[in-house]
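Derivation of every value follows stated rules applied to the coordinates shown; laboratory data play no part. Here the structure is a predicted model, which means the values were calculated and not measured. Don't worry about glycine lacking a Cβ; one is built from the backbone with ideal geometry, like all the others, and counts go over all protein chains shown.
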């Protein structure tokens with residue numbers, strides 16, 4: 001009976017606000033038969049400027065609440081809480097608790113072609129260097145460039161995803177990363193064909209929404225644009241597919257230059 005109840009129990013997910021709904025959506029996509037209980041701590045958002053002690057306290061309170069819902073596991077969909085509280089709450093609670101930093105670090109190591117990885121996050125996440133530590137466990141020689149982006153959270157929470165203010169902030173953050181040696185390539189249908197571009201240096205890839213593309217301000221902040229040749233009736237690619245195509249092209253060009 002206990003195993004049956006556990007199998008039908010929901011997965012708990014929490015974040016400092018609504019951003020964690022993207023993680024929830026992916027859980028539901030990959031585990032369509034699972035129920036999910038989501039908690040967004042909009043009363044205390046953002047977490048990025050809070051102290052470690054406060055983040056741990058908030059996380060404990062939310063986990064206790066989720067346990068009253070009889071969840072069988074908890075996903076911390078907040079990078080800041082994953083960075084500052086995960087290890088502590090894993091030791092304190094008798095329930096599986098999963099963060100988002102280790103999976104993110106694995107994905108970054110899997111995708112990088114030159115060992116350089118940029119991390120955008122809250123002030124607390126970047127200051128903790130948790131991403132850097134996890135990435136270097138997998139790739140000791142990796143160069144990790146962290147950039148605090150404290151303005152992203154309130155803009156997302158306001159729902160201003162496509163507002164001019166948000167685009168200007170994104171452009172400013174890109175400029176600051178460029179000062180650290182990164183070149184940014186924008187995937188754009190009107191750009192130069194990707195095979196003719198130099199995609200082998202320390203590159204940041206900017207992908208827009210499917211069908212809508214990248215905004216003008218963000219596109220202008222990039223160093224150059226690259227297009228993916230299309231055939232037939234296809235005029236737009238899913239963002240993850242577009243990123244995969246460009247990363248694969250970069251690796252192919254680099255391997256050709258090295259004679260591999």
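Simple spin-label estimate for residue 26 and residue 88 gives 2.5 nm between the two label positions (7 Å along the Cα-to-Cβ direction from each Cα). Across all C-alpha atoms in region 1-79, the radius of gyration and Dmax reach 13.2, 44 Å. Treating region 64-198 as a set of equal point scatterers at the Cα positions, no solvent, please give the Debye-formula log₁₀ I(q)/I(0) at q = 0.09, 0.15, 0.21 Å⁻¹. Rounded to two decimals, the profile gives -0.37, -0.92, -1.32.
Each DSSP beta bridge with both residues in region 42-190 is either parallel or antiparallel, and the antiparallel ones are about 0%. When you restrict to C-alpha pairs under 8 Å that are six or more residues apart and normalise by the size of region 46-163, the relative contact order lands at 26 percent.
Cβ-Cβ distance of residue 7 and residue 107, R₀ of 25 Å, FRET efficiency by 1/(1 + (r/R0)^6): the value works out to about 0.30.
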